[in-house]
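Report on one structure; see the data block that follows.
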Amino acid sequence: MWPFLYYSVSWYTTNLMAEELKKNNWKKILTLLTVVILALIVYFSWDEIGQTMANLGRVNALILFLILFWQIVKNHAFAKLYKLLFAVLKKDVTYRSMSKAALEINFVNNVFPSGGVSGFSYFALRMKQDRVTASQATIVHVLRWVTVFISFQALLFFGVFVLALAGKAGNLTILFASSLTTLLMASTLAIIYIIGSKRRINSFFTALTKTLNRVIHVVRPKHPETINIARAQAGFLELHENYLVVKSNYKQLGKPLYYALLANVAELATIYCIYIALGGAVNIGAIIIAYVVANFAGLISVMPGGVGVYEGLMTAVMATAGIPPSTSIPATIMYRVLTSAIQLPPGYYFYQKSVGKMGKGFERE
């Protein structure tokens, strides 16, 4: 059910971002906030960065090149995924723009502590420069996660199968995989069920919006209706209409599913390369299950990029598959630090450029 919560909350956060962008000092505030958060992340991750730098001496240049290569493949896959999903809605966006947007979304979700809400909100604002409505951007972002969830399920089945072949599929590992698979399937079906009916989507989101307004009213007593219900209802109905467009063109979702799977395979290949760099191969099934569990938990974590939750779960799940913490902890830390070093700087650069364009657009309104 989390996509629905994110969508409603994103209406609130998107409106706040829009209001800030209309102010003269919007750019200074956002730039300062971003730099401060980045500095805090580096400060609290300094020990992990130090461990990674110490371990880099054990990594040859070919492995580092492969890590960079797989991260480029991952960004390419998400750029193609966004482009193809917008094509389903009959919106033509360029691959170049989506490649930048993929880096920006990765930066926003990893830096701002919101459990993914920032990504939804930012994407809706960011896509205005491509003449995409907030509702179109939101349903594409929801579809991105739906396709990723479906690929997660395929990977989980494969991971358990590989572990079973090696005789390492313990009861706890199977419990992790089966529970997450059930949760992912239930979430996907819930999305289809609620968005598929105008009455259901209006009732569900209206009730959720009223609940959010009551919660927000506690901290903003002078604003009983922070999220305008009438505007939200219009947005929800537009979301339903866009869903109908997607439903009528469902045969076009084959390629997006392929690219969602490719993005996850590229990330798994990155992790596997790091294990090889630190002393040897491990069972790919264990990596798959740990990766899926940690990513899912990271999505609902309010910490930037799921810091702490991600590493802890990766290590715990790997342990259930027979991989000792002495092996998994340094590998997980190196994976997080290196992928952040590769993805965040370009993400920050394009994020700053896009925020500048947003500001100019809002100032003209």
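Accessible surface comparison of L180, L244, L84, L175, probe 1.4 Å, protein chains only, largest first: the order is L175, L244, L84, L180. The phi torsions of the stretch 247-258, fed into the Karplus equation with coefficients 6.51, -1.76 and 1.60 and a -60° offset, translate into couplings of 4, 6, 10, 4, 5, 7, 7, x, 5, x, 4, 4 Hz, rounded to whole numbers, with Gly and Pro shown as x. Structure note, pairs K100/K255; K222/K353; K128/K210: Cα-Cα distances above 25 angstrom occur for K222/K353; K128/K210. Among the protein heavy atoms, those of S178 account for about 50 Å² of accessible surface (1.4 Å probe, every chain in place).
Taking each of K83/K198; K251/K357; K91/K357 in turn, the alpha-carbon distance tops 30 angstrom for K251/K357.
The values are calculated or read from the model by the stated rules, or taken from the named source; none is laboratory data. What you see is a predicted model, and the numbers here were worked out from it, not measured in a lab. Remember, those area values only see protein heavy atoms, side chains included, never the ligands or the DNA or RNA. Shrake-Rupley method; radii C 1.70, N 1.55, O 1.52, S 1.80 Å.
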